[in-house]
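Every read-out reported here was derived from the displayed coordinates using simple, explicitly stated rules and does not represent laboratory data. What you see is a predicted model, and the numbers here were worked out from it, not measured in a lab. Counting neighbours? That spans all protein chains shown, and the Cβs are built from the backbone with ideal geometry, glycine included.
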Amino acid sequence: MAMQTISKAVGVVLVIGSLFVGAYFLIYKGPAEVAGRSTQAGYELTKQALSDLAEALQFTPRVIVGEKTLLQQDAKIRELATASRNFEHTYAYTHSWLGSTKTVELKGQFLAKAGFLVNDQFALITDEQSGTTVLRYPPAQLISCELQSVRVLKDENGWWNKLSPQEREEAQNKLISTAKEAAVKSGVLHQAVQNLAERLKPFEERNSIKMSLEPLP
């Protein structure tokens, strides 16, 4: 059993080493020199690993070995959405003046999307001594909260205290702003992190890499 564990650990380190060393030669030495210094099988493994990682994340993160950056980030997207949630949210506005009360109550259908900003904080880091691999990423955040539809539950004027068009508009704006707060509290940010880990599983399995996720503060 001990020999199997050691053999598996060595295999993971070898694959990681092939990935990062291959990335270094691809960037700094060029394909021609790579061909002269590594086997074709190793080169293809490196290309496949990088391709699998880019497919999982929808972009290529920065690759760091030790303290050296071997591969700069390559991204055509600014945000990576990994979770979405449909939900209902209501908001009511009431105002009384001299015993006359006006009320407007709205219910909206929303679609919230959560994920991550795609920036240099996204980095795949391997430790030269232990061979462990970590994906560091920025904190999950609410990317969007779109109002899909709105229904008026109440629109009532008082006898001399009337709702104005401005108050109705302000009520809808408040509906949207408080819906964003509700979306954050709904757990969609936590779901975004869980889904990110799920996205990376095929990359880990195909390339025999065990990777841990480390959020940045």
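What is the sum of charges, Lys and Arg at +1 and Asp and Glu at -1, for the other residues whose Cβ falls under 14 Å from the Cβ of Ser212?
Details: positive: Arg136, Lys201, Lys210; negative: Asp127, Glu204, Glu214.
After counting each charged neighbour, the total is 0.
With θ taken as phi - 60° and the coefficients 6.51, -1.76 and 1.60, list the Karplus ³J(HN,Hα) couplings across the range 186-203 in order, rounded to whole Hz; mark glycine and proline as x.
Running phi through 6.51 cos²θ - 1.76 cosθ + 1.60 with θ = phi - 60° gives 6, x, 5, 5, 4, 5, 4, 5, 4, 5, 4, 4, 5, 4, 7, 4, x, 4 Hz.
For Arg151 and Leu213, what is the calculated FRET efficiency with R₀ set at 41 Å and r taken between the beta-carbons, to the nearest 0.05? Each step should come with its number before you reach the end.
On the way: r = 40 Å, r/R0 = 0.98.
Calculated transfer efficiency: 0.55.
Taking H as built 1.01 Å from N, whose amide H comes closer than 5 Å to the amide H of Thr132, not counting residues under 5 places away?
HN-HN under 5 Å from Thr132: Asp127.
So how do His89, His190 line up by other beta-carbon neighbours within 10 Å, fewest first?
Working: His89 22, His190 12.
The fewest-first ordering by Cβ neighbours comes to His190, His89.
Suppose each label sits 7 Å from its Cα in the direction of the beta carbon; what would the Ser51-Ser186 distance come out to in nanometres?
Between Ser51 and Ser186, the simple spin-label model gives 3.8 nm.
If you place +1 on the Cβ of every Lys and Arg, -1 on the Cβ of every Asp and Glu, and leave all else neutral, what size is the dipole of the range 126-170 about its Cα centre, to the nearest 20 Debye? Intermediate results must be reported in sequence, preceding the final value.
On the way: 5 positive and 8 negative charges, 43 e Å.
In debye, rounded to 20, the range 126-170 gives about 200.
Give the Debye-formula value of log10 I(q)/I(0) at each listed q (0.11, 0.17, 0.21, 0.25 Å⁻¹), with one equal scatterer per alpha carbon of the range 59-142, two decimals each.
-0.53, -0.80, -0.97, -1.14
Starting from the Cα of Lys107, draw a straight line to each of the lysines and keep only those under 22 Å, dropping any in the same chain fewer than 8 residues away.
Correct list for Lys107: Lys154, Lys162, Lys174, Lys180, Lys185.
Excluding residues fewer than 8 places away in the same chain, name every one of the lysines whose C-alpha is closer than 17 Å to that of Lys201.
Once the sequence-local lysines are set aside, what remains near Lys201 is Lys210.
Determine the dipole magnitude for the range 103-207: charges of +1 sit on the beta-carbon of Lys and Arg, -1 on that of Asp and Glu, nothing else is charged, the reference point is the Cα centre, and the result goes in debye to the nearest 20.
Values: 13 positive and 14 negative charges, 66 e Å.
Here the size comes out at about 320 debye.
Mind checking the range 79-143 for GluC sites (Glu not before Pro) that DSSP puts in a loop (not H, G, I, E or B) and that have at most 13 other Cβ atoms within 10 Å? Each step should come with its number before you reach the end.
Values: sites: Glu79, Glu88, Glu105, Glu128; in loops: Glu128.
Sites meeting the loop and neighbour criteria: Glu128.
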